[in-house]
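The values are calculated or read from the model by the stated rules, or taken from the named source; none is laboratory data. Computed from a predicted structure; not experimentally measured. Heads up, the Cβs are rebuilt from the backbone with ideal geometry, glycines too, and the neighbour counts pull from every protein chain shown. To get the accessible areas, we keep the full protein, side chains included, count just its heavy atoms, and leave off ligands, DNA and RNA. Shrake-Rupley method; radii C 1.70, N 1.55, O 1.52, S 1.80 Å.
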Amino acid sequence: MTARIGVVTFPGSLDDRDTQRAIRVAGAEPVALWHKDKDLKQVDAVVLCGGFSYGDYLRAGAIARFSPVMEPLLEQAKAGLPVLGICNGFQILTEAHLLPGTMLRNDHLHFICRDQKLRVENAETSWTTDYTAGQEIHIPLKNNDGQYVADAYTLDKLEAEGRVAFRYLDFNPNGSQRDIAGVTNEAGNVVGLMPHPEHAVEPLIGTGRTDGLPFFTSILKKLVNA
């Protein structure tokens, strides 16, 4: 049976088709979910993709967090449903309090788009088991509100519990505290990061490498072996 992974489209999403393709390349079946859907169509996992949901009005992800589709997603994520938030999806997950911290405007106050070097810090989440801890990868990055911040207690807790999933290397592109590029919840089923792995699944596009593909093969293997 083919694993079914939902991809939510909000008004202003722009990476939903790329994410669906990445899922297909990994060998799973992408399922389109609309922001007004009140059920998740019995998918096995969900990706909140990148973009500028609702034009980033109020704050990035602040309005999308209250979309109808988020009600079943919140309930099922807390019950163990694997959820990946990419860029704007990461912002939505923090606004929904599925992940700690929040995202602010980049410290240099400019949109940034570049190939970004990362280090994998946690290779035990639902989305990272095809990496190894300490592995260095290159993933495209594009954001305006990508500065990850949290209070000192939360940051120390994330570090102590191994919940920093990815860290920027060589260059911090947005001023994120402790060079944090992505985090996970305590259970490891919910992961958020600012870079875009869906743009690095085929050598023809993105970085010219496939460093983002293990996100999607990791979750596929978890679902198939569940």
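When segment 31-87 is examined, which residues are found to be surrounded by fewer than 18 Cβ atoms within 10 Å (Cβ to Cβ) and either in contact with a Leu (Cβ under 6 Å, 6 or more places away or on another chain) or among the hydroxyl-bearing types (Ser, Thr, Tyr) (or both)?
Passing the criteria: Tyr57, Pro72.
How many residues does segment 196-226 contain that are β-branched (Val, Ile, Thr) and either open to solvent by less than 50 Å² (accessible area, probe 1.4 Å) or touching a Lys or Arg at 6+ places or on another chain (Cβ under 9 Å) (or both)? Working first, answer last.
As a first pass, look at segment 196-226 and keep what is β-branched (Val, Ile, Thr): 201, 205, 207, 210, 217, 219, 224.
Keeping just the survivors that are either open to solvent by less than 50 Å² (accessible area, probe 1.4 Å) or touching a Lys or Arg at 6+ places or on another chain (Cβ under 9 Å) (or both) gives 201, 207, 217, 219.
The total comes to 4.
Suppose we filter Pro100, Pro82, Pro30 for residues that are within 18 Å of Ser218 (Cβ to Cβ) and under 15 Å from the mean Cα position of the chain (by Cα); which single one remains?
Values: Pro100 fails: within 18 Å of Ser218 (Cβ to Cβ); Pro30 fails: under 15 Å from the mean Cα position of the chain (by Cα).
Criteria check complete, one pass: Pro82.
Which one of the conditions (1) touching a Lys or Arg at 6+ places or on another chain (Cβ under 7 Å); (2) part of a helix (DSSP H, G or I) does Tyr153 fail to meet, given that it meets all the rest?
Of everything listed in (1) touching a Lys or Arg at 6+ places or on another chain (Cβ under 7 Å); (2) part of a helix (DSSP H, G or I), Tyr153 misses just condition (1).
Do you know which residues across segment 180-195 are in contact with a helix residue (DSSP H, G or I) (Cβ under 8 Å, 6 or more places away or on another chain) and either closer than 18 Å to Leu141 by Cα or open to solvent by 30 Å² or more (accessible area, probe 1.4 Å) (or both)?
Ile180, Gly182, Val183, Gly192, Leu193, Met194
Hey, can you tell me all the residues within segment 173-226 that are of a type in the set (Asp, Glu) and within 11 Å of the chain's Cα centre (by Cα)?
Initially, segment 173-226 is screened for residues of a type in the set (Asp, Glu), giving 179, 186, 198, 202, 211.
Answer for segment 173-226, where residues must be of a type in the set (Asp, Glu) and within 11 Å of the chain's Cα centre (by Cα): just Glu198.
With respect to Ser13, is the statement that it is touching a helix residue (DSSP H, G or I) at 6+ places or on another chain (Cβ under 9 Å), at pLDDT 95 or above and farther than 29 Å from Thr210 by Cα true?
On the way: touching a helix residue (DSSP H, G or I) at 6+ places or on another chain (Cβ under 9 Å): yes; at pLDDT 95 or above: yes; farther than 29 Å from Thr210 by Cα: no.
No; evaluated as a whole, the condition is false for this residue.
Tell me, please, whether a residue that is within 26 Å of Gly6 (Cα to Cα), open to solvent by 10 Å² or more (accessible area, probe 1.4 Å) and part of a helix (DSSP H, G or I) can be found in segment 102-119.
no
Determine which member of the set Gln177, Gln147 is open to solvent by 10 Å² or more (accessible area, probe 1.4 Å), without any contact (Cβ under 8 Å) to a residue 40 or more places away in the chain and in contact with a strand residue (DSSP E or B) (Cβ under 6 Å, 6 or more places away or on another chain). Even if it seems obvious, please write down each step before you answer.
Working: Gln147 fails: without any contact (Cβ under 8 Å) to a residue 40 or more places away in the chain.
Sole residue among the options that is open to solvent by 10 Å² or more (accessible area, probe 1.4 Å), without any contact (Cβ under 8 Å) to a residue 40 or more places away in the chain and in contact with a strand residue (DSSP E or B) (Cβ under 6 Å, 6 or more places away or on another chain): Gln177.
Just to be sure I understand, how many residues within segment 5-17 are within 25 Å of Leu223 (Cα to Cα) and either open to solvent by less than 60 Å² (accessible area, probe 1.4 Å) or touching a Lys or Arg at 6+ places or on another chain (Cβ under 8 Å) (or both)?
Pass one, segment 5-17, residues within 25 Å of Leu223 (Cα to Cα): 5-9, 15-17.
Narrowing the set further to residues that are either open to solvent by less than 60 Å² (accessible area, probe 1.4 Å) or touching a Lys or Arg at 6+ places or on another chain (Cβ under 8 Å) (or both) leaves 5-9, 15-16.
Going through segment 5-17 one residue at a time, the tally reaches 7.
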